[in-house]
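The values are calculated or read from the model by the stated rules, or taken from the named source; none is laboratory data. On a predicted model such as this, the values are computed, not experimentally measured, just so you know. All Cβ positions, glycine included, derive from the backbone under ideal geometry; neighbour counts span all protein chains shown. Ligands, DNA and RNA are stripped out before the accessible areas are found, and what is left, the full protein with its side chains, is counted by its heavy atoms. Shrake-Rupley method; radii C 1.70, N 1.55, O 1.52, S 1.80 Å.
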Amino acid sequence: MNFGVIGYGYWGPNIVRNLAALEGSKVAAIAEISPAARHRALKTYPDIKVTADPIEIIQSTEIDAIAVITPVWTHFELAKAALLNGKHVFVEKPFTSTAAQGEELINLAEQKNLKIMVDHTFLFTSAVKKIRELLDEGTLGKLYYYDSTRVNLGLFQHDINVLWDLAPHDLSVMDYLIKASPEAIVASGQSHLNGHEDIAFMTVYFPGKVIAHINVNWLSPVKVRTTLIGGEKRMLVWNDLEADEKLKVYDKGVQFTSKEGVYELLVNYRSGDMWAPHLDQVEALRLEMSYFVDCITHGRQPFNDGQAGLRVVKMLEAASESMKQRGGLVYL
Ligand SMILES: NC(=O)c1ccc[n+]([C@@H]2O[C@H](COP(=O)([O-])OP(=O)(O)OC[C@H]3O[C@@H](n4cnc5c(N)ncnc54)[C@H](O)[C@@H]3O)[C@@H](O)[C@H]2O)c1
C-alpha cells in the first residue's frame, strides 16, 4: 500500500515513521507547504519524494491512500480532493470543521467505495482497550461517570480553540466506551490571548444517568492527563502520564439501603483492594496504521471511520453553541 502524507509539522513525522516501518505499507511521497518542514522531512527520509504541492500526490496514480495531517480547517478540502481522485483517506482528529463537511466526505467515500479512518489514536492504546474490557465484562458495574482532566501549557493552535484541539481525545474515548448517543451538552470557556478559548469545561449527558465531564486547558503550569471512571461496583483512575501503572482499579463503592421501620437511609462505604492491570507496551499509532492497511486490504469498515469522526464533530459543534450561550443546555 502506497501512502502520500500531507503535513509534516508536529504530528506528521509520527505518521510517516509508523507507516514507513510497517510491513505492507510504504510512504511514497510527503507534501508540505513549509520549506523548513520539507527540509526536515528530506533530511530524515532522503528516499521519499517531498513536494510543496499536495495536489501532486493526491493525483498521483502510484498512491493508494492519503494521510491528512494538517490543521483542522484544511481537512475537508484535502480529504475531498483525495476521495475524488480515488484515494482512501486517513484524516487527523477532529475529522472536519463542521458536521455538514463530515457528512459530505462520508457520502463521497460510500459512492466511491473508499475507506475513511479518523485518527482517534487513544482507541488503540492498551489502557483504553483494557477499560473497555473492564466495562464489557461488568467489572465496574453500571457506569456512573467519566471525568477527565487534560491540561498543559500550549500548544496554542491558530485555527481552533482548546476544546476542538484536546477534547476530541476524550470524546472519541467516551464514544467508544459508553456506546450510547449523548443527549445534551453544556460547555463554558474563556479566551485570554488569541481570540480562541484557551480553557474550557464540557459536560455531556448520556442516557441512563451517565454523565461525562472534560476539563481542557492550554494555560496550565503542569501537564495532567487523568481520567476517573466510576461504576456501581468499582472505580478506576487512568493516569496516562504514569510509565508503568497507568490504570488503577479500586474496589470501592457506595451503597444506600433502607430498612423497614427505619426512617433514615443507611449508607455503606465499601473500600477494598486496588490493582493495576498489566498493559502491553505498544505504540498505539503503529497498531492504528496497521489496522487501516488491514481494513483497506480486506475491504472492512474501520470502527474509527468517518461516522465515528462525525459523532465527535457533532459533540464539538454542540459544545461551541453552548459556549456562545455561556453554558446553555444544547440537545443533540
Ligand atoms: N492524534 C493525535 O494524538 C494528534 C496529536 C497532535 C496533532 N493532531 C492533529 O494533527 C493535525 C496537525 O496538527 P500538528 O500539531 O501537526 O500541526 P502543525 O501546525 O504542527 O503541522 C501542520 C503542518 O501542515 C502543513 N500544512 C498546512 N496546510 C497544508 C497544505 N494545504 N498542504 C501541505 N501542508 C500543509 C503546515 O505547514 C504544518 O507543517 C491536527 O488536525 C491536529 O489536531 C493529532
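Here are a few things to note about the model shown:
- Put simply, of Lys87, Lys49 the only residue that is more than 18 Å from Val118 (Cα to Cα) and either aliphatic (A, V, I, L, M) or out of contact with any Pro (no Cβ under 7 Å at 6 or more places or on another chain) (or both) is Lys49.
- Summed over region 121-157, residues that are touching a helix residue (DSSP H, G or I) at 6+ places or on another chain (Cβ under 9 Å), outside any helix (DSSP H, G or I) and more than 19 Å from Lys179 (Cβ to Cβ) total 6.
- Selection count where residues are closer than 21 Å to Ala184 by Cβ and of a type in the set (Lys, Arg), scope region 290-322: 2
- In region 162-219, the residues that are farther than 25 Å from Leu140 by Cα, buried (at least 19 other Cβ atoms within 10 Å of the Cβ) and aliphatic (A, V, I, L, M): Val162, Leu163, Leu166, Val186, Ala187, Ile199, Ala200, Val216
- Residue count for region 295-325 under the criterion of being open to solvent by 20 Å² or more (accessible area, probe 1.4 Å), within 12 Å of Asp175 (Cα to Cα) and assigned to a helix (DSSP H, G or I): the result is 3.
- Matching residues, region 244-262, being open to solvent by less than 60 Å² (accessible area, probe 1.4 Å) and either over 18 Å from Leu143 (Cβ atoms) or at pLDDT 95 or above (or both): Lys246, Leu247, Lys248, Val249, Asp251, Thr257
- Members of region 220-243 that are among the hydroxyl-bearing types (Ser, Thr, Tyr) and either in contact with a Gly (Cβ under 9 Å, 6 or more places away or on another chain) or buried (at least 19 other Cβ atoms within 10 Å of the Cβ) (or both): Thr227
- The lone exception for Gly327 - which of (1) within 21 Å of Thr227 (Cα to Cα); (2) in contact (Cβ under 8 Å) with a residue 60 or more places away in the chain it fails: (1)
- Filtered residues of region 51-65 (kept if under 29 Å from the mean Cα position of the chain (by Cα) and away from the ligand (no atom under 11 Å from the Cβ)): Gln59, Ile63, Asp64, Ala65
- Tally of residues being of a type in the set (A, V, I, L, M) and open to solvent by 10 Å² or more (accessible area, probe 1.4 Å) across region 124-133: 0
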